Amino acid sequence: MKGGMFMAQIVMWVFFIGPWLLLFAVDKERVKRYMAVSLFGVVLLTMVFQIADRFNWWEVNKTLFFFVNMTPFPFGIFIIGDAFYFLFYLSWLLDVYDYQCSFRFISGTCHESYL
């Protein structure tokens, strides 16, 4: 491998594995609460990569050996960054919604269509 190509592989591996190491520093229960949103985002981003490959929107020149036509971005930085975004910035919004739905359910004002 040439010098630049080797450095690109190192950077891609760091961006693929590095963010997952951040999960050891966060409360596991809080991460599990928002991981579904991250997985949904990864599915959508993977579909965008597949559509882009089909219609030749862009070309991926360098990637890890097990990715055929996409970068490691969705499964590394994106999934963990998305979980952290909801974990630290939007958790108050989801908490307000959860409390509002719980109050409506307990007070009897919750309609059956909300369940």
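The table below lists the values:
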read-out	value
Filter pass, Met1 being out of contact with any Ser or Thr (no Cβ under 6 Å at 6 or more places or on another chain), within 19 Å of Tyr89 (Cβ to Cβ) and modelled with pLDDT under 90	no
Some residue of the range 59-75 being within 20 Å of Leu87 (Cα to Cα), surrounded by fewer than 16 Cβ atoms within 10 Å (Cβ to Cβ) and of a type outside the set (S, T, N, Q)	no
The listed residue being surrounded by 12 or more Cβ atoms within 10 Å (Cβ to Cβ), of a type outside the set (Phe, Trp, Tyr) and within 14 Å of the chain's Cα centre (by Cα), out of Val42, Val26, Val14	Val42
Yes/no for Pro19 being in contact with a Ser or Thr (Cβ under 7 Å, 6 or more places away or on another chain) and either touching a residue at least 24 places away in the same chain (Cβ under 8 Å) or basic (Lys, Arg) (or both)	no
Members of the range 10-56 found to be in a helix (DSSP H, G or I), at pLDDT 85 or above and of a type in the set (Phe, Trp, Tyr), listed by number	Trp13, Phe15, Phe16, Trp20, Phe24, Phe40, Phe49
Phe6 being in a helix (DSSP H, G or I), among the hydrophobic types (A, V, I, L, M, F, W, C) and surrounded by 11 or more Cβ atoms within 10 Å (Cβ to Cβ)	no
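The values are calculated or read from the model by the stated rules, or taken from the named source; none is laboratory data. This is a predicted model, so every value here is computed, not measured. So basically every Cβ, Gly included, is an ideal-geometry build from the backbone, and we count neighbours across all protein chains shown.
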